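Comments concern the structure below.
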Amino acid sequence: MKNPALKFLALALTIGCVGAARADGLEALQEFVRDVKTGKASFTQTVSSPDGTRKKTSSGSFEFARPNQFRFAYTKPFEQLIVGDGQKVWLYDADLNQVSSRRMGEALGSTPAALLAGGNLAKDFELRALPSAQGLDWVQATPRQRDGSIQQMRIAFKGRELAALELVDGFGQRSELKFSAVSSNPAFPADRFKFVMPAGADLIEQ
């Protein structure tokens, strides 16, 4: 190819094809579910009222092992622990020294834990790639079972790394989780997702 203009055009077309082949949020999510069997991250969560005038911020850590084992440990402003052991979901409120539990199938449903730690997303969600924004690739996850608890969720990736999750619940409240210090496929002890009742805690089974 001796013509410099044709050579430049060929290079531009090649770059354009590479750009078009860039993975979107849906592909990133599918690879995340397929390739990341265990994971952990820190998170900051902001919950906004429907009119956006009131906001509450909390933070903690998140760990998971597929399928359906996870730990959400809130440390600020109040200590709470949510553990999914594959059979049940346990919620511990440290201030009340109270534990509640529900069967996994009843508690998980179309929740963020199902989206992040589940094994079959197509069963629980309708998934659709969204336009990239602010350097993140987004995918929308709409629950197939409309029980009213969650209207929709969006999950974002920066490249192949989990970056953020947003959801709107049945009351119009918006929750935004931003993840940091993300680690893919770490090794966990065998009992990491086993819930141990705190001494003297009251148990409420639902």
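What follows is calculated from the coordinates using simple rules that are stated; it is not laboratory data. Since this is a predicted model, take the numbers as computed values, not measurements. With ideal geometry, Cβ positions are generated from the backbone for all residues, glycine too; neighbour counts draw on all protein chains shown.
Couple of notes before you dig in:
- Among beta bridges that DSSP assigns inside the chain, antiparallel share in %, nearest 5: 95
- Cut-off under 5 Å, modelled amide H: who pairs with E126 long-range: T142, R144
- Segment 90-158: trypsin sites (Lys or Arg not before Pro) in DSSP loop, at most 14 other beta carbons within 10 Å: R144, R146
- Inter-label distance for K194 and S61, nm, one decimal - labels placed 7 Å from Cα along Cα-to-Cβ: 1.9
- Geometric extent, Cα atoms of segment 125-191 - Rg, Dmax (angstrom): 14.1, 40
- Coupling constants for segment 69-82 follow from the phi torsions by the Karplus curve (6.51 cos²θ - 1.76 cosθ + 1.60, θ = phi - 60°), and in residue order they are 10, 7, 9, 9, 10, 7, 10, 9, x, 10, 8, 9, 9, 10 Hz; glycine and proline get x.
- Spherically averaged projected area of the convex hull of Cα atoms, segment 23-205: 10.6 nm².
- Vicinal HN-Hα couplings computed from phi for segment 25-35 (Karplus, 6.51 cos²θ - 1.76 cosθ + 1.60; Hz; Gly/Pro x): x, 5, 5, 4, 5, 4, 5, 4, 5, 6, 9
- Near the amide H of K37, within less than 5 Å, lie the amide hydrogens of N185, all on another chain or at least 5 residues away, with H placed in the peptide plane.
- Measuring r between the beta carbons of R128 and Q80 and using R0 = 30 Å, the FRET efficiency lands at 0.40.
- Mean-square fluctuations from a GNM of the chain, with a 10 angstrom spring cutoff on Cα atoms, peak among S58, S49, S101 at S49.
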